[in-house]
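Single-structure report; data block below.
The values are calculated or read from the model by the stated rules, or taken from the named source; none is laboratory data. All figures in this text were calculated on a predicted structure; none of them were measured in a lab. Note that we place each Cβ from the backbone using ideal geometry, even for glycine, and neighbour counts take in every protein chain shown. Just so you know, the surface numbers come from the protein's heavy atoms only, side chains and all, with ligands and any DNA or RNA stripped out. Shrake-Rupley method; radii C 1.70, N 1.55, O 1.52, S 1.80 Å.
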Amino acid sequence: VLLFRSLDGGRRALRLAVVDRIEEVATSNIKKAAGQLRVQLGESILPLAGATASEIAGDKVRLFRLNDGSHEIGYAFAEVVDFATIEHDIIHADQPGEVSGVSLISGEPAELVDAHWLFANHVGAMPQASEQMICRIPRDDTWMQNMLRPLVEAAGYRVVSDESEDKADLAIAAKGE
């Protein structure tokens, strides 16, 4: 993983496989457009994660250019700390989001950035219908929460856990359930 400091000073880690390169851009290239922050890099306009409009300050902003093989997004950060290996257990976040969990990395806690969630929520976001379809997936199945959930959300579903009382249009169960 790549250890870094977020714009809010937090210690975070991002898997190297999604980091294409590091860019430094003028803050004037960052604007809110089409419902989210975006950054202009040459002739490309990418969604920008890792920052709020109020956190963008100064003349320049550093960002990771993330690539999932099909799409790119920018991720703003303050500074690179080091390269490291995750050698301890990961404590998963209560809810899916930008941070998937926390682990001790190089002797200190670091939040793990969930690249799958970032791409699912920043690339090609579908307009939300007033009556969004609901998909139920098991809350305690880590693979489904970390891998399947972002894909289902990107397809336009609102995902609920198996504990929710909401009526689901689609339910996905683990083998044996």
**Complete:** Residue count, region 50-76, condition of a type outside the set (Ser, Thr, Tyr) and outside any strand (DSSP E or B), comes to 11
**Checking Gly74 against (1) touching a Gly at 6+ places or on another chain (Cβ under 9 Å); (2) small (Gly, Ala, Ser); (3) open to solvent by 50 Å² or more (accessible area, probe 1.4 Å), the condition it does not meet** = (3)
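When you check Gly58 against the structure, is it on the phi > 0 side of the Ramachandran plot and either in contact with an Asp or Glu (Cβ under 7 Å, 6 or more places away or on another chain) or of a type outside the set (A, V, I, L, M, F, W, C) (or both), yes or no?
yes
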**Request:** Could you please give the count of residues in region 6-49 that are in a strand (DSSP E or B) and among the acidic types (Asp, Glu)?
**Result:** 3
**Request:** Determine whether region 10-26 contains at least one residue that is crowded, with 16+ Cβ neighbours inside 10 Å, over 18 Å from the mean Cα position of the chain (by Cα) and of a type outside the set (Asp, Glu).
**Result:** yes
**Asked** Only one residue in Glu87, Glu111 is open to solvent by 50 Å² or more (accessible area, probe 1.4 Å), closer than 27 Å to Asp140 by Cβ and outside any strand (DSSP E or B), so which one is that?
**Response** Glu87
